[in-house]
Amino acid sequence: MQKHLWYDATQIYIGGVWKSPAGGQQLPLQNPSNGQEIGSIARGTAPDIDEAVTAAQTALDGEWGRMSALERGRILTRIGQLVGTRLDDLAMIEAMDVGKPLTQAKNDAIALARYMEFYGGAADKIMGETIPYLDGYTVYTLREPHGVTGHIVPWNYPMQIIGRSVGAALAMGNACVLKPAEEACLTALAFVALAEEAGLPPGALNVVPGSGEEAGAALTAHPGVNHISFTGSVGVGKLVQKAAAENVVPVTLELGGKSPQIVFDDADLDAALPFLVGACIQNAGQTCSASSRILIQRGVYDELVARMGVSFDGMISAPAQMDANLGPLISARQKEIVTGYTESGNDLRIAGQGRVHDDAPDDGHYVAATLFADVPPDHKLAQEEIFGPIQVAIPFDTEEEAIAIANGTDFGLVASIWTKDGARQMRLAKSIRTGQVFINNYGAGGGVELPFGGTGKSGHGREKGFEALYGFSTLKTVAANHG
Ligand code: NAD
């Protein structure tokens, strides 16, 4: 299968034109649910990236660069509406490409439409300010686009990450070059075809699939790129930041996490339970904001771990089309990594474990969701990002101990606090080193309106919400001496 509905998966999209990659080569496309090769995608390389950056610069010098913020917003809104008419198609494509259960894939498509709606509405609402200065002066600030923005996206939530990053960049008038992940680039191509249909001018968004080492590295090193938005692993994030430093351009890094949920004795356990488990097993644990550590105060520890264990026991991993709790992992390599982590917990107590569906193909990349209990906070399973459906339960006695454990990893992306004590909620919200804190809920990646990003090894810069519009723009100060 080469043709996917309304776009061609084997091509790249540059300057409003679908074309073959410069090197004429393809990369294999695999369905994680059965391990089968189901086609191929373009293998974009440095010459394609170069052409895409030139097309983006041309767009900035032309119709796109001159367009009013109001009109940019209208186009984004139309893109969102078109995405909204294709939710089931997009979900099917993502389910096949990423192995994501259909309902979860559809939620990603809904989020993509919502990002376009949000940033469409926001495009003409970012303003500068006037600044009181010396007598005889008028001083004001202008928010301007960076110019060409590079977007490197991972395979776990292609639609959501494209929505939050490309949506905000386009709203501010940047021209984008998007390099989706080689494991999952179909919805990026589907999306840009819809953007074209909605009237996005040529060159405003260019999509070049390809490997990280080739297309990704070429994009981050390109001297014509004025801002880089990267979502992915810590290791590649460091490479991207080094490349950006060479060209002295700003970079937003959205890296991994080891996000805790902290449950106190007075918490509403019935309300907490679905969030505690769901925030880990969603997308088979392949979520940067997965809540992989549950810190539980001793008074409710045994009861809550037992209840969570029952939930885990019921978790089924199955092909995406079966729309079970979990789909497969993205690749054989990811399965190997996650299985290694599960084995590293052989000395620990398993409080609950799901199973792989009997009908799941042997060549699919399935693992069982597993809850480990009584895990020491310094154990590998409690410290390292696993990117699989493995959760650890850690007991604590005091608030101080909970804060120390929560802050005791290299990461800081998301946290949640479950307690009815308002003062404690405020103290912990302040004390936990993280980009987002949820109180008596857990937002995971959701919340288009909510600024999102990390501290520590989770990265820096913020995407989502209005905050992203500041990140995707630069501030110019104008000081006029009129006497
Ligand atoms: P990855 O870092 O291997 O790949 C991410 C993207 O970077 C892909 O498009 C890849 O092609 C590209 N890439 C790879 N090498 C590159 C290079 N040398 N130069 C430029 N680009 C390169 O990550 P992954 O395995 O695809 O995704 C999993 C990781 O991403 C996890 O660690 C996860 O925590 C993180 N992640 C973070 C967030 C977030 O918002 N914080 C969201 C999703 C995923």
Checklist entry - At what distance in angstrom do the alpha carbon centres of region 172-216 and region 21-90 lie from each other? => result 2 Å
Checklist entry - Hey, if you put +1 on the Cβ of every Lys and Arg and -1 on every Asp and Glu Cβ in the chain, which of Gly257, Ile294, Thr149 ends up farthest toward the positive end of that dipole? => result Thr149
Checklist outcome for this item: Surpassing 24 Å at the alpha-carbon level, of the pairs Lys380/Lys430; Lys100/Lys179; Lys125/Lys464; Lys430/Lys457, are Lys380/Lys430
Item to check | Average projection area in nm² (convex hull over Cα atoms of the chain, one quarter of hull surface) | outcome: 23.5 nm²
Checklist entry - So for the chain: antiparallel DSSP bridges make up what percent, rounded to the nearest 5? => result 45 percent
Next on the checklist: Highest mean first, how do 150-161, 14-25, 193-204, 275-286 rank when packing is the count of other Cβ atoms within 10 Å averaged over residues?
Outcome noted: 150-161, 275-286, 193-204, 14-25
Checklist entry - Per residue, how much space in cubic angstrom lies within the convex hull of the C-alpha atoms of region 395-476? => result 114 Å³
Checklist entry - Taking Cα atoms, how many degrees apart are the long axis of helix 269-281 and the longest axis of the chain, rounded to 10 and kept between 0 and 90? => result 60 degrees
Checklist outcome for this item: A correct fewest-to-most ranking of Glu343, Glu254, Glu71 by other Cβ atoms within 10 Å would be Glu343, Glu71, Glu254
Checklist outcome for this item: With -39,500 (n - 2.57) per DSSP H segment of 4 or more residues and division by the full residue count of the chain, the 222 nm estimate, nearest 500 deg cm²/dmol, is -11500 deg cm²/dmol
Next on the checklist: Which of Leu90, Leu112, Leu348 has the fewest other C-beta atoms within 10 Å, and how do the rest follow up to the most?
Outcome noted: Leu348, Leu90, Leu112
Next on the checklist: Going by Cα centres, region 288-360 and region 448-482 are how many Å apart?
Outcome noted: 36 Å
Item to check | Neighbourhood net charge (10 Å Cβ-Cβ; Lys/Arg +1, Asp/Glu -1) for Gly412 | outcome: +2
Item to check | Taking Val437, Val53, Val310 and counting other C-beta atoms within 10 Å, the order from fewest to most | outcome: Val310, Val437, Val53
Next on the checklist: Given bins 5 angstrom wide, list per bin the percent of all Cα-Cα distances in region 260-447, short to long.
Outcome noted: 1, 9, 18, 22, 21, 15, 8, 4, 2, 0, 0
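A short reminder: the numbers here are calculations on the coordinates, not readings from a lab. Everything numeric here is computed off the predicted structure, so don't read it as measured data. Heads up, the Cβs are rebuilt from the backbone with ideal geometry, glycines too, and the neighbour counts pull from every protein chain shown.
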